[in-house]
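Undergrad: Just passing along the structure, written as structure tokens.
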Ligand code: FEO
């Protein structure tokens, strides 16, 4: 499938309807994804990014509908992760004299992946390459989301190709943002931001501030996953700024797992306490909830309340990916608290609190424990705990 997205610029990528887990990231992709590659037919035919290796034949076939792939002169590798560079060897077998353009770290990384003596041209921010009627302008974007990441801007057509930034894992019949379901689009854009970009939120704000003064007209933002933003393309940039600020709504999320329902009853009583204070909350049983979806709810909430019974002197294993996600994604502007039932030794609450400290999420107060199944007075204490957390949620 090939699509002309504007004069002489073609989407030659692949829609991956089957993808349900994104490669090594353990990232759920309920709606599939796409690997977007762009072919620019100017005097020097240019390919911006490739696709994941298993789809290399489809990419070459797509290109072949438009030109002989041997005529490609420039291949831009905005980012070396193999969902974008995986088909580079196939492209270079067709066009062995093409120049591979990448950031300096991108060159190192592509060389490290493929060990090939290709013609490399490292570029830095502000470098331009004329390809005929248009120029390619490069902007390094380290840590958005890898050290090698780079944006390519096509003058004349005014297209920003920022690779992973502004993407979505969203397989669709259509290629443009105005052609798809807006609710789904933003659910996927947010999930992508939360699970991939959140740790680099400060870099997002800096990069956008750096690009603004360049005054580049932007008619399209064409990322490497999901749809192309052509209708009001800056809407996703504005959303990124908003998400990067990490200003949560005054709401709470209670994440728990349970063995024999004791910790569940505690979670529900804490929820009642939050509601008493007018705080909107969600209760997520992490044993049956997708981890990445749960982390989206953590991102949205101000107050994160995590509960587990004590099992073998620790927490239930299903809790650990959430705790690890909170640490790795470096959520900001949160407050936290822990709770849990136990039968014998009761370490789970302290362990969760240790994790909160490691995540630099301040604790509102010490956690609540309940020995065996909660009695009426235990549930009353949980409700009071919820009320205190509700007050803190309002006041923080
Ligand atoms: Fe879509 Fe960082 O790869």
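Computed from the coordinates by the stated procedures, all read-outs in this text should not be read as laboratory data. Small disclaimer: the values here were computed from a predicted structure and weren't measured. Cβ sites come from the backbone with ideal geometry, for glycine too, and all protein chains shown count toward neighbours.
Undergrad: Expressed as a rounded percentage, what relative contact order does the chain have, with Cα pairs under 8 Å and six or more residues apart?
TA: It rounds to 11 percent for the chain.
Undergrad: Helix 201-211 against the longest principal axis of the chain: what's the angle in degrees, Cα atoms only, rounded to the nearest 10?
TA: With rounding to tens, the tilt is 30 degrees.
Undergrad: Here is a follow-up. Most exposed first by the Cβ proxy, i.e. fewest other Cβ within 10 Å, how do 240, 35 rank?
TA: The most exposed by this proxy come first: 240, 35.
Undergrad: Right, here's the next one. To one decimal place, what Kirkwood hydrodynamic radius in Å is obtained for region 313-381 from all pairs of distinct Cα atoms?
TA: Result for region 313-381 stands at 12.8 Å.
Undergrad: Would you kindly state how much longer the chain becomes between residue 272 and residue 242 on full extension, computed as 0.36 nm times their sequence separation minus their alpha carbon distance, in nm to one decimal?
TA: 7.8 nm
Undergrad: How far, in degrees from 0 to 90, does helix 376-395 lean away from the longest principal axis of the Cα atoms of the chain, to the nearest 10?
TA: Relative to the chain, helix 376-395 is tipped by roughly 50 degrees.
Undergrad: Further question on the same structure: For helix 182-192, what angle does its Cα long axis make with the longest principal axis of the chain, in degrees from 0 to 90 and rounded to 10?
TA: It works out to around 80 degrees.
Undergrad: Something else: Put a dot 7 Å past each Cα toward the Cβ at residue 158 and residue 291; how far apart are the dots in nm?
TA: 4.3 nm
Undergrad: Based on a Kirkwood Rh over C-alpha pairs, give the Stokes-Einstein translational diffusion coefficient of region 228-327 at 10 °C and viscosity 1.306 mPa s in µm²/s.
TA: 106 µm²/s
Undergrad: Based on the alpha carbons, how large is the Rg to Rh ratio for region 271-362 when Rh follows Kirkwood?
TA: 0.95
Undergrad: Using a Förster radius of 35 Å, what is the FRET efficiency between residue 202 and residue 365 based on their Cβ-Cβ separation? Nearest 0.05, please.
TA: For residue 202 and residue 365, the calculated efficiency is 0.75.
Undergrad: Between residue 350 and residue 391, what length in nm is gained on full extension when 0.36 nm per residue of separation is reduced by their alpha carbon distance?
TA: Once the chain is fully extended between residue 350 and residue 391, it gains 12.5 nm.
Undergrad: So if we plug the beta-carbon distance of residue 121 and residue 372 into 1/(1 + (r/R0)^6) with R0 = 45 Å, what FRET efficiency do we get, rounded to 0.05?
TA: Once the sixth-power term is evaluated, E becomes 0.10.
Undergrad: Taking 0.36 nm per residue of separation and subtracting the Cα-Cα distance, what length does fully extending residue 380 through residue 212 add?
TA: So the extension gain works out to 55.1 nm.
Undergrad: Once each part is reduced to its C-alpha centroid, what is the distance from region 26-86 to region 278-322 in angstrom?
TA: Using only Cα atoms to place each centre, the spacing works out to 38 Å.
Undergrad: At 222 nm, what helix-only mean residue ellipticity would the chain give, in deg cm²/dmol to the nearest 500, using -39500 (n - 2.57) for each DSSP H run of four or more?
TA: Rounded to the nearest 500, it is -10000 deg cm²/dmol.
Undergrad: Kirkwood hydrodynamic radius, region 3-245, all distinct C-alpha pairs: what's the number in Å?
TA: Kirkwood hydrodynamic radius for region 3-245: 17.6 Å.
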